[in-house]
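These notes are about the structure you will find just below.
The values are calculated or read from the model by the stated rules, or taken from the named source; none is laboratory data. This one's a predicted model, so the numbers in the text were calculated from it and none came from an experiment. Positions of Cβ are backbone-derived with ideal geometry, glycine not excepted, and every protein chain shown enters the neighbour counts. What goes into the accessible areas is simple: the full protein's heavy atoms, side chains included, and nothing from ligands, DNA or RNA. Shrake-Rupley method; radii C 1.70, N 1.55, O 1.52, S 1.80 Å.
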Amino acid sequence: RPPCREACITTGSSCGECLAQFANVANIRLTFADSSTNKTVSPLAAPTFTQDATSGKILIDLTGGLDGATVDDRKVTVTVDYDKVQVSRFVLTISSTACQVGRAGTAGDCKECSAGFFAAARGLAVCRICDKGSFQKDVGASECVQCPVGYMAHSQGSSACDPCVAGTFAVNLGQDSCSVCSSDPCAQLTTLFLAATSPADCVCKGGHYRSDSTSPCVPCLTGMTCPTGSAMNNYLDSLKVGSQCPVGQPRQESCPAFPDLLEGFASSLEEPLSVFDCKEILRCPGGDPGTCAGHGTPGSLSGQACSRCPDAWRWNGEACVECNGVSSGGWPLAFVIVGLVLLVVAMYITGHGADTTTWSKARPVCMSLAVLTCQHYQMTTALSSDNLQLPGYKSDVLKAWAFLENPTQVMQPDCFGMVSFEDTLAIRFSGPAALVIIGAFVFLASIVVSKATPRARMDFNTLFNAVFSLVFTLFPAIVAVSLVTFKCHTNPNGKDTLVADEGILCSGDPWTGMAVGAVFASVIYVGGFGAVMTWAIIKAPKHYSRAEFRARWKFLFLKYSEECWWWSLPFLAKIVLMNMGQCFFEQGVSQVLWVCLVASVYQISVAIFNPWRHQFLSWFDIGMNTIFILFCTEVLWLSENNSSENADFELGRNIAMAGTVVNLLLLPTAVGIAAWLMYDEHRNSVRPRLEDGAKFYNLVQTVSKATEQELVDFFKDLSALDLASIRSTMQAVNAEFLGQISKTRCSSRSTSRTTIISVKEVEVEASETVGDAVLVSM
């Protein structure tokens with residue numbers, strides 16, 4: 001039987017019994033052993049058996065190869081069992097026809113494993129796929145590689161590992177996913193780079209910061225910018241001696257981040273998160289805490305909100321500059337005092353002997369133009385006290401006329417020992433009183449000089465008018481200084497500081513002492529001056545016929561028409577209300593809108609009442625208020641586009657330039673109108689006036705002969721413009737002609753009848769002069 005079985009296997013014998021025994025190939029079992037070591041080896045893939053139909057031979061397929069038998073020409077002993085009975089034993093030689101490592105397939109048809117697959121042994125039929133957390137980028141690889149720390153492969157067969165995205169990290173090798181910095185979406189954590197390897201790599205997102213690496217992230221403070229990774233422990237490290245990233249020095253990209261200041265904000269090294277809002281952007285360039293304009297130079301600003309120049313230096317609007325010998329010697333104060341004395345004397349000489357009844361003469365009109373122009377630029381400067389951050393170029397424009405609102409700037413008090421704001425404010429508080437004292441000194445000096453020269457003695461009423469004309473002209477500045485202590489604004493740190501000096505908190509010392517002085521100034525200067533003006537206006541209808549009354553209060557009545565002799569009150573009330581808005585409202589936008597509202601109401605009132613004696617003044621006043629309102633609108637727009645990084649910054653610069661030019665044109669316009677009026681008065685001083693008087697006399701004579709019905713019919717057919725012209729003519733007659741007659745009559749009768757009379761009284765006076773029919777019809 002064994003020969004038969006052997007023959008069946010090797011020769012294909014036709015032995016029927018043998019063939020019958022081998023007919024069921026499923027009963028065949030093979031065992032393999034290394035011929036050199038006699039150790040059993042296993043097939044890497046299950047062998048398959050087929051029987052050739054022609055020869056009867058059993059064909060064994062071992063294309064998967066044998067484990068441990070991957071070396072070429074390795075001999076392996078094969079034992080064949082059928083039904084657990086050994087039927088054959090022979091030796092095989094493993095040749096190079098088997099697939100090499102990194103390749104797989106059938107003998108003679110091996111292919112390299114693709115990226116993401118591998119073949120660790122020879123003779124494999126198929127390549128194995130890389131597991132999750134591993135990868136293989138090359139073809140024909142014999143193994144997969146674990147993903148490095150900071151990377152992951154979330155699927156099988158990866159040809160590369162993906163880096164952990166921002167906000168995630170991977171601590172171990174071979175991870176199939178990254179860990180998130182925080183599962184809370186409100187934690188605001190991220191990583192500075194991809195492929196983070198540790199929870200310590202998790203930092204705050206941009207716009208947030210934290211105290212240290214373990215504390216939660218919080219939103220960045222107003223006035224600060226927080227780059228990604230900002231932490232206050234990084235700031236403390238930068239303060240240490242020998243730090244590679246010291247505060248105040250240019251910071252490298254490798255330096256750890258901490259909250260920085262935006263342009264226009266400031267904080268100190270000791271309290272970096274206590275942020276102040278700087279009114280003047282040029283003082284606070286932003287950057288590291290403790291950084292002010294001129295940082296690192298002898299003229300660097302310092303103090304709360306970068307409000308102080310070094311000793312013997314002064315702020316010129318752009319930088320701290322060193323005081324020169326003249327400004328540091330107190331000479332400016334002496335010049336101011338001498339200048340005020342000369343100004344009072346000049347105004348006295350100008351007003352002495354002038355007849356107050358010549359309302360429409362060129363000189364009073366020119367004086368009115370000067371008052372309007374001066375007060376306009378004072379109110380323009382007052383806009384700089386609003387709680388708005390403006391670009392440096394616009395802030396400089398607003399302060400170009402600051403000497404009108406704050407005359408102490410001319411003296412440069414910083415340069416002669418008055419470094420603190422309290423000292424400067426004391427001088428400003430005493431300014432109006434000093435002006436009155438100077439007037440009194442001039443009057444007393446004139447009395448002394450009159451001992452030798454009697455004509456040198458000054459008239460008290462005329463001098464009173466000269467001094468209080470200055471007070472009236474500078475009233476916006478007086479109101480501003482009286483209320484300056486109450487104009488505060490809230491900073492991002494919650495502290496209130498003075499708008500005029502952000503180095504002073506609006507609480508405690510020294511603010512309390514200044515507030516007491518401000519209360520007295522408000523009561524005495526604003527309330528007292530307003531009360532005196534109100535008294536004079538109320539008494540005017542009864543006392544204006546007195547020459548001394550007219551001489552004393554000429555500055556109150558000279559500018560306005562008879563019907564609106566009281567217009568000084570709304571004129572001054574406008575100034576007070578504009579300034580009080582800065583005390584009532586904290587938001588800069590609200591303050592500017594309030595100023596625009598007051599100016600608009602005043603402008604409408606001027607159009608309705610037409611209070612000015614000369615029509616040119618009414619037009620000029622309306623135009624001036626229109627420009628002021630447009631200027632306020634421009635300031636609002638620029639406050640929203642004040643950063644050099646803003647896309648509309650250059651557009652804002654052009655708008656500001658146009659607004660500045662228009663605003664400055666008021667001055668040459670006023671000068672031009674004044675020059676034209678003076679020339680016209682000189683040109684028509686004698687003969688043309690006589691000719692006009694004769695023509696008017698003939699006209700009045702003709703009109704006086706008309707019947708009442710004829711005049712009524714005449715006025716019915718007139719247009720509104722013609723009626724307005726006639727009313728204007730009537731107003732001039734009442735003021736210039738009837739006023740003089742009334743004054744003369746009152747003087748002869750020694751009565752107190754006034755030239756400031758009601759419309760009905762004017763009609764009565766007119767009827768006595770030119771006939772009842774004319775004036776009744778008018």
**OP:** From the list Ala480, Ala426, pick out the single residue that is outside any loop (DSSP other than H, G, I, E, B), small (Gly, Ala, Ser), touching a helix residue (DSSP H, G or I) at 6+ places or on another chain (Cβ under 8 Å) and under 24 Å from Gly581 (Cβ atoms).
**Re:** Ala480
Subject >> Of all residues making up segment 60-103, the number that are modelled with pLDDT under 75 and outside any loop (DSSP other than H, G, I, E, B) >> reply: 7
**OP:** Considering each residue of segment 104-115, count those that are in a loop (DSSP other than H, G, I, E, B) and either open to solvent by less than 40 Å² (accessible area, probe 1.4 Å) or modelled with pLDDT of 90 or more (or both), and give that number.
**Re:** 3
**OP:** Please work out if Val598 is touching a Lys or Arg at 6+ places or on another chain (Cβ under 7 Å) and under 20 Å from Thr373 (Cα atoms).
**Re:** yes
**OP:** Identify the single condition in (1) at pLDDT below 90; (2) touching a Ser or Thr at 6+ places or on another chain (Cβ under 9 Å) that Met232 does not satisfy, given that it satisfies every other one.
**Re:** (1)
**OP:** Considering only segment 484-515, state which residues are within 17 Å of Glu271 (Cα to Cα), without any contact (Cβ under 8 Å) to a residue 40 or more places away in the chain and polar (S, T, N, Q).
**Re:** none
Original post:
Given (1) in a loop (DSSP other than H, G, I, E, B); (2) surrounded by fewer than 22 Cβ atoms within 10 Å (Cβ to Cβ), where does Ser158 come up short, assuming only one miss?
Top reply: (2)
Original post:
Across segment 116-135, what is the number of residues that are surrounded by fewer than 22 Cβ atoms within 10 Å (Cβ to Cβ) and over 60 Å from the mean Cα position of the chain (by Cα)?
Top reply: 6
Subject >> Filter result (touching a residue at least 60 places away in the same chain (Cβ under 8 Å) and aliphatic (A, V, I, L, M)) within segment 446-477 >> reply: Met458, Leu463, Ala466, Val467, Leu470, Leu474, Ala477
**OP:** Would you list the helices (runs of 4 or more DSSP H) that sit entirely within segment 528-639 and hold 2 or more residues that are under 26 Å from Ala480 (Cα atoms)?
**Re:** 529-543, 554-557, 568-584, 588-609, 615-639
**OP:** Can you run down the residue pairs with Cβ atoms below 6 Å, 6 or more apart or on separate chains, where the first is in segment 169-185 and on the phi < 0 side of the Ramachandran plot and the partner is of a type in the set (Val, Ile, Thr) and in a strand (DSSP E or B)?
**Re:** Cys178/Thr168; Val180/Thr168
Original post:
Listed residues Phe441, Phe421, Phe429, Phe472; which is at negative phi, among the aromatic types (Phe, Trp, Tyr) and open to solvent by 40 Å² or more (accessible area, probe 1.4 Å)?
Top reply: Phe441
Subject >> segment 527-543 - residue that is among the β-branched types (Val, Ile, Thr) and surrounded by fewer than 18 Cβ atoms within 10 Å (Cβ to Cβ) and, of those, farthest from Lys574 (Cα to Cα) >> reply: Ile538
**OP:** Output the residue which, of all residues in segment 243-270 that are surrounded by fewer than 19 Cβ atoms within 10 Å (Cβ to Cβ) and hydroxyl-bearing (Ser, Thr, Tyr), is farthest from Gln389 (Cα to Cα).
**Re:** Ser243
**OP:** Just need a number here: residues in segment 195-218 that are part of a loop (DSSP other than H, G, I, E, B) and without any contact (Cβ under 8 Å) to a residue 40 or more places away in the chain.
**Re:** 11
**OP:** Taking the options Asp212, Asp201, Asp184, Asp237, name whichever one is in contact with a helix residue (DSSP H, G or I) (Cβ under 6 Å, 6 or more places away or on another chain) and open to solvent by 30 Å² or more (accessible area, probe 1.4 Å).
**Re:** Asp212
Subject >> Failed criterion for Cys284 (all others in (1) surrounded by fewer than 19 Cβ atoms within 10 Å (Cβ to Cβ); (2) under 28 Å from Thr497 (Cα atoms); (3) of a type in the set (A, V, I, L, M, F, W, C) hold) >> reply: (1)
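Could you list, in sequence order, the residues of segment 485-497 that are surrounded by 24 or more Cβ atoms within 10 Å (Cβ to Cβ) and under 23 Å from the mean Cα position of the chain (by Cα)?
Here is the first cut: in segment 485-497, the residues surrounded by 24 or more Cβ atoms within 10 Å (Cβ to Cβ) are 485, 497.
Residue satisfying the conditions is Thr497 alone.
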Original post:
If we keep just the residues of segment 662-676 that are in contact (Cβ under 8 Å) with a residue 60 or more places away in the chain and over 22 Å from Lys361 (Cβ atoms), which is surrounded by the most Cβ atoms within 10 Å (Cβ to Cβ)?
Top reply: Asn663
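Going by what's in this entry, would Gly150 be described as under 30 Å from Arg122 (Cα atoms), more than 33 Å from the chain's Cα centre (by Cα) and crowded, with 17+ Cβ neighbours inside 10 Å? Step through it out loud before you land on a result.
Working: under 30 Å from Arg122 (Cα atoms): no; more than 33 Å from the chain's Cα centre (by Cα): yes; crowded, with 17+ Cβ neighbours inside 10 Å: yes.
It is false that Gly150 is under 30 Å from Arg122 (Cα atoms), more than 33 Å from the chain's Cα centre (by Cα) and crowded, with 17+ Cβ neighbours inside 10 Å.
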**OP:** Specify the residue that is farthest from Leu372 (Cα to Cα); the eligible residues are those in segment 540-570 that are of a type in the set (Phe, Trp, Tyr) and touching a strand residue (DSSP E or B) at 6+ places or on another chain (Cβ under 9 Å).
**Re:** Trp566
Original post:
If you scan segment 133-150, which residues turn out to be more than 12 Å from Gly174 (Cα to Cα) and of a type in the set (Val, Ile, Thr)?
Top reply: Val139
Original post:
When you go through (1) surrounded by fewer than 22 Cβ atoms within 10 Å (Cβ to Cβ); (2) within 27 Å of Phe429 (Cβ to Cβ) one by one for Arg546, which number turns out not to apply?
Top reply: (2)
**OP:** Being of a type in the set (Val, Ile, Thr) and over 30 Å from Thr222 (Cβ atoms) narrows it down to one of Val467, Val484, so name that one.
**Re:** Val467
Original post:
How many of the residues making up segment 692-716 are acidic (Asp, Glu) and either under 30 Å from Phe616 (Cβ atoms) or touching a Phe, Trp or Tyr at 6+ places or on another chain (Cβ under 6 Å) (or both)?
Top reply: 1
